[in-house]
1. Based on this model, can you work out whether V558 counts as within 16 Å of ligand 1 (Cβ to nearest atom) and either buried (at least 19 other Cβ atoms within 10 Å of the Cβ) or closer than 19 Å to I275 by Cα (or both)?
2. Within segment 347-402, can you find the residues that are at pLDDT below 95, among the hydroxyl-bearing types (S, T, Y) and under 30 Å from I313 (Cβ atoms)?
3. Under 9 Å by Cβ, and 6 or more places apart or on different chains, what pairs join a residue from segment 577-600 that is without any contact (Cβ under 8 Å) to a residue 12 or more places away in the chain with one that is surrounded by fewer than 17 Cβ atoms within 10 Å (Cβ to Cβ) and charged (D, E, K, R)?
4. Which one is least open to solvent (accessible area, probe 1.4 Å) among residues in segment 409-453 that are within 16 Å of ligand 2 (Cβ to nearest atom), assigned to a loop (DSSP other than H, G, I, E, B) and charged (D, E, K, R)?
5. As an exercise: evaluate V366 against (1) outside any strand (DSSP E or B); (2) under 16 Å from the mean Cα position of the chain (by Cα) and give the number of the one condition it does not meet.
6. Checking F525 against (1) within 16 Å of ligand 2 (Cβ to nearest atom); (2) surrounded by fewer than 24 Cβ atoms within 10 Å (Cβ to Cβ), which test does it fail?
7. Report whether or not R470 is more than 16 Å from ligand 1 (Cβ to nearest atom) and within 19 Å of the chain's Cα centre (by Cα).
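The values are calculated or read from the model by the stated rules, or taken from the named source; none is laboratory data. If you're wondering where the values come from, they're calculated on a predicted model, not measured in any experiment. In this analysis, Cβ positions are derived from the backbone assuming ideal geometry, glycine residues included, and neighbour counts consider all displayed protein chains. Heads up: the accessible areas ignore ligands, DNA and RNA and are worked out on the full protein's heavy atoms, side chains in. Shrake-Rupley method; radii C 1.70, N 1.55, O 1.52, S 1.80 Å.
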Amino acid sequence: VGPVTLLALSKQADGSSTQPLEHLDAVVESYISVLEQLHAAGVEWVQLNEPALVADLAAADDAALAQALQSAYRRILAAEKRPQVYLTTPYGSVRKGLDAVNELQPEAVQVDLSVGTLALDPSYLERVAGLKSHLSAGLVDGRNVWAANLRDLRAKLETLPGASVTTSVSLQHVPHTVEAETSLPIDVANWFSFANEKVREVVALSSGPLAAPEAYAQADRAVRTRAESARTHNEAVQNRTAQLPEGEVQRQPLFAERNEAQKALGLPLLPSTTIGSFPQTQEIRAARAAHRKGTLSDAAYVDALRDEVKQVIELQERLGLDVLVHGEPERNDMVQYFAELLDGFVVTENGWVQSYGSRCTRPPIVVGDISRPQAMTVEWARYAQSLSEKHVKGMLTGPVTILAWSFVRDDVHQSVSADQLGVALADEVRDLEEAGIDIIQIDEPALRELLPLREQDRKAYLDWAVRSFRLVALEAKPTTQIHTHLCYSEFGQIIDAVAGLDADVTSIEAARSRMELLEDIDDKFHSEIGPGIYDIHSPRIPSVAEMAELIRAALRNVPVERLWINPDCGLKTRGYDETEASLRNMVLAREEVLSSLVPA
Ligand code: GLN
Ligand code: ZN
């Protein structure tokens, strides 16, 4: 990591007023000494990654970053004993910083020339053509899994005399190799390119069609069969979304009237609930694995899951929670579960990628137009509701999160898939209503995650993202209470979009920031709100006193009739013992606060 990015993406520890970038000089000093040691050890090239140059950061704007780059690299490049510097700028286009790069002239510069980056910044290809350093053209898209259109990319490369070829970003975001996939539909397998295949594309681009005719012929075939495939294009789906109104859509009636109508739900003051999942026990995982292997029958698997749902409902009744959930035992993952049931997706067997730290996921792939052949969650919700007199919340993953945690299409804009998911999930909402479910949660934890790195691209994203959520809820009955859930803090930037979702109840992560986010909430934010009062990322059992204090803190910003009591997020990664103890304390904390409220 280069010094500018290292500091620009750092946070200053609490209590200090210095900004991380103020340490630049000292950090550069250390880089110079490390580079000198590498040089002495015989290293000829060193790669310094500066992805911060492609973002508008709250801590430093484009101009400030360009200036930091100047000051850091002027000194680094002036050092006498150093390897040659290969500067990379993945994940987007360098804007103001490009002049600085040109003045500094490191020996080589890598730029992201993926289709997605060029779509947001069409003149980038021409701008980088003027760079005086050796250019390493990141033409092969490292962030998706589609086989490259080699002829197109080769034509771009030919506009960059003397350039070499690479991927747009490192290969950490894509699975290892398509060769490990043995059960992809035969027509589809050729459309993909994972890490190994992308490396071959880099080589083929560099050698050209005369030297590698086979690779180009194969790429042509993939491009053609994909464009013509019925898997990619579903006319019925396209016709349906074509009939949607353009731009903003609005559920009727407006919040105030719905809020009135939803009093019929008969919920108490400060209603308590959870975010959806209950612990995914060893037994559930084992049953799922056995079912996948074929050693556990469909019927036996469903029985095991129903048993689990029953226990989860009984537990919540015992604890005295107000709005219940079924616990999501049937979901291997909140995105993959839906992807497996929707048309337009394929899932891989071995396509693992790192998601966070040591956690890995197997993102599904959106291959074409998306539709819902049949109801996906209704039977589970209906069964859970049959076990209790209390309301059971239906549980859906929203369009943005499904797309964010999948590999998406590169032949249509993401908003097209988002609209398709929006109407597919709207059908699910209708079916849930018909099954007697009157509270439905649509999770959108990834809303913040897809936010574009450049300020100027954010509004367009938030517009389609919010629209797709609203499509899901658009036809819901006024008496159906629509919840949404978002995790990960730092909502400040997108708080208007969260308000724009127009949910009836919003639950958000807040325990770790001690309710700080509630300060961002203003008049535009009308929904009822459940700021999480315990951090589910740790096995620690929060005490009654500390949760009661958080509820009181929340009440300083949120009127009592709008506040909900819930944990920060789902409980699937927790064990039952700590879950039960924590939820019991949560319910007690709620009672304590309730009993101390002065009656109106
Ligand atoms: N309903 C999901 C769960 O409880 C939400 C998970 C999430 O926000 N990441 O597991
Ligand atoms: Zn969450």
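1. Numbers: within 16 Å of ligand 1 (Cβ to nearest atom): no; either buried (at least 19 other Cβ atoms within 10 Å of the Cβ) or closer than 19 Å to I275 by Cα (or both): yes.
Against the criterion (within 16 Å of ligand 1 (Cβ to nearest atom) and either buried (at least 19 other Cβ atoms within 10 Å of the Cβ) or closer than 19 Å to I275 by Cα (or both)), V558 does not qualify.
2. Once the filter is applied, which keeps residues that are at pLDDT below 95, among the hydroxyl-bearing types (S, T, Y) and under 30 Å from I313 (Cβ atoms), segment 347-402 yields only T361.
3. Listed by first residue and then by second, the contacts come to S596/R552.
4. Narrowing segment 409-453 to residues within 16 Å of ligand 2 (Cβ to nearest atom): 441-450.
Filter again for assigned to a loop (DSSP other than H, G, I, E, B), leaving 444-450.
Within this subset, residues satisfying the condition of being charged (D, E, K, R) are 444, 448-449.
Working: E444: 1, R448: 68, E449: 97 Å².
So the residue we want is E444.
5. Of the numbered conditions (1) outside any strand (DSSP E or B); (2) under 16 Å from the mean Cα position of the chain (by Cα), the odd one out for V366 is (1).
6. Failing condition for F525: (1).
7. Details: more than 16 Å from ligand 1 (Cβ to nearest atom): yes; within 19 Å of the chain's Cα centre (by Cα): yes.
Criteria met by R470.
Residues are listed down the side, and each one gets a yes or a no for (1) open to solvent by 10 Å² or more (accessible area, probe 1.4 Å); (2) closer than 22 Å to S277 by Cβ; (3) away from ligand 1 (no atom under 16 Å from the Cβ); (4) of a type in the set (G, A, S):
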site	(1), (2), (3), (4)
Q493	yes, no, yes, no
A499	yes, no, yes, yes
D502	yes, no, yes, no
A510	no, yes, no, yes
I536	no, yes, no, no
R552	yes, no, yes, no
